[in-house]
Amino acid sequence: MGLAYRRLGEYRRAIEFHEQSLAIAREIGHRLGEGNALYNTSLALDKLGDRAEAIRLAEAALIIYESIEAPYAEVARNQLKEWRGEG
């Protein structure tokens, strides 16, 4: 649901669903789900103008992605470079 709301431009609503997903992922120990929820929340926060918090959450997602060798690590790494202006 969070992804759908983000695509519709309803970023606050998207964040609500991503936060629910994050809580569930943490409760059941689903690391990929946790990383995805953090990263998707970061994308919505950036759209709302909170780049600092978006970077913080994307960094947390990247740590998880790297620890489980998820292919999404590269996507998060590239997004962080863009947000930081590292081009």
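Inside the range 38-74, can you point out the residues that are without any contact (Cβ under 8 Å) to a residue 24 or more places away in the chain and in contact with a Ser or Thr (Cβ under 6 Å, 6 or more places away or on another chain)? Selection gives 57 alone.
When 18, 30 are checked against the criterion of being under 22 Å from residue 77 (Cβ atoms), at pLDDT 95 or above and more than 13 Å from the chain's Cα centre (by Cα), a single residue qualifies: 30. With a requirement of 1 or more residues that are hydroxyl-bearing (Ser, Thr, Tyr) and surrounded by fewer than 22 Cβ atoms within 10 Å (Cβ to Cβ), the helices (runs of 4 or more DSSP H) lying completely within the chain that satisfy it span 2-7, 11-28, 51-67.
The values are calculated or read from the model by the stated rules, or taken from the named source; none is laboratory data. Bear in mind the structure is a predicted one, so any value in this text is a computation, not a measurement. Quick reminder, even Gly has a Cβ in these numbers, built from the backbone with ideal geometry, and neighbours come from all protein chains shown.
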